[in-house]
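Taking it in order: structure first as structure tokens, then the write-up.
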Amino acid sequence: MNTGDASYIKQLNRRILIEEIIKNRSLSRSDLARITGLNKATVSAQVSDLIAEKIVMEKKEGESITRGRKPILLELNANGAFSIGIDIVEDYINIIFMNLKGEAFHKVRITLQDAVLEYAVDQLIVTITPLIEKFKKDYQPNGLVGISVGIHGIVNDKEEIIFTPKQKWSNINIKDRLEEALQTTVYIDNNANLSVFAEQAFDDPIADLFCITLYSGIGLGIINENKIYRGYQGFAGEIGHMVVESKGLPCSCGNTGCWELYASERALLEALEKADSPTSLQATSKVLPASENSAMAIDSYLDYLAVGINNIINIFNPEKIILNGAIINGNSPFITEIEHKLKSKINNYREIRASRLGEYSCALGGAAFVIKNFFGVNKIDYTGYEYFTSIYDV
């Protein structure tokens, strides 16, 4: 075996062990050897390196099955480093600070003072720089290991912003500016990609997963064989600009009749306003308007939503589709109605459900994506930690 082969095998074994430590939360060296099939000497050597790097820590806990000392358990060192996930929305920015165990320990929302991206980036830098310096002292020895920024628009495979339909940002590179100002690795990605990554990492660790975001526009994030599917040059997932009415409403993308003009939650709220609904359907409301006009507006909205989902199912044959929106997350009857409207005999899927992560999914996914890259693993599985149940209390 040459040196290159030995180095590759060592990295492979390290990745396998880290993935299992993350997934199982706490386990012994013997457990690791049994689960992975690696011999005890290899496990011991790798674990020693991880402990020396402050990535893994030992913990004496639990009862011994036989007489003698209690087993020494291994778990991630939560305070060994932290990451930041950022979601730049139309008029605000969501920010999540996350430790190595995937726990969101701090969150910030910035109201944007200017829609120009340059000013938004300036505001972001001013806000998070003192927080980075503060948390660096507590998360040692690695400190901040990276930042991931979600953009509501097209981001190419060079991490450049090609176009955002709402703000009209086009052909902009903010990666270099942020890396220079914050002195860390920065990833720029589409918000739907980071949202589906969060769904897999925190709630549904299947190898193939779809997430449709519905807030102001519509985006599609795809996990295929545990990887974010990006398509040619990174443009995949702009499903909101699938045409559902060939002579429909004009869209900022240049087409007419785009799906998000009829099936985004913004489109629903606009339709309800036109229907003179006596009951305002707020972002977190679980009460549906009762007027006849409102009911018709909602039914039309669900018709269009079902049309697009039908197309996605027939093109991709996904196992599971997660819908993430401020309204749909609190209205489970919407899901039932959508499924009733999927009447095609060739529709084949296992489940459609609402997101349990909500509006912070993009920022969560971004922070977790940074940690995944820091560990150098193929997949990160925080589902056993169940953080999504308390994310809004951070």
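The values are calculated or read from the model by the stated rules, or taken from the named source; none is laboratory data. Given the structure is predicted, the values throughout are model-derived calculations rather than measurements. Methodologically, a virtual Cβ is constructed for each residue, glycine included, from the backbone with ideal geometry; neighbour enumeration extends over all protein chains shown.
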All but one of (1) outside any helix (DSSP H, G or I); (2) surrounded by fewer than 18 Cβ atoms within 10 Å (Cβ to Cβ) hold for Y139; state the number of the condition that does not hold. (2)
Which of the residues belonging to the stretch 208-238 are among the aliphatic types (A, V, I, L, M) and either assigned by TED's automatic domain parsing to the domain that holds E160 or crowded, with 21+ Cβ neighbours inside 10 Å (or both)? L209, I212, L214, I218, L220, I222, I223, I228
List, please: which pairs have Cβ atoms under 9 Å, are six or more places apart or on different chains, and start with a residue in the stretch 268-282 that is within 14 Å of N331 (Cα to Cα) and part of a helix (DSSP H, G or I) and end with one that is among the aliphatic types (A, V, I, L, M) and modelled with pLDDT under 85? L268/L281
The lone condition L323 fails out of (1) in contact (Cβ under 8 Å) with a residue 40 or more places away in the chain; (2) part of a helix (DSSP H, G or I) is (2)
Given (1) closer than 17 Å to L209 by Cβ; (2) in a helix (DSSP H, G or I); (3) modelled with pLDDT under 90, identify the lone condition not met by G384. (1)
Can you find, within the stretch 343-365, the residue that is nearest to the chain's Cα centre (by Cα) among those that are assigned to a loop (DSSP other than H, G, I, E, B) and surrounded by fewer than 15 Cβ atoms within 10 Å (Cβ to Cβ)? R350
Check the stretch 142-154 and report whether any residue there is out of contact with any Pro (no Cβ under 9 Å at 6 or more places or on another chain) and over 26 Å from A201 (Cα atoms). no
Being out of contact with any helix residue (DSSP H, G or I) (no Cβ under 8 Å at 6 or more places or on another chain) and without any contact (Cβ under 8 Å) to a residue 24 or more places away in the chain is the filter; apply it to the stretch 24-52 and report the residue that is farthest from Y385 (Cα to Cα). A41
State whether the residues of the stretch 103-122 include one that is within 15 Å of the chain's Cα centre (by Cα), farther than 29 Å from G240 by Cα and not assigned by TED's automatic domain parsing to the domain that holds E260. yes
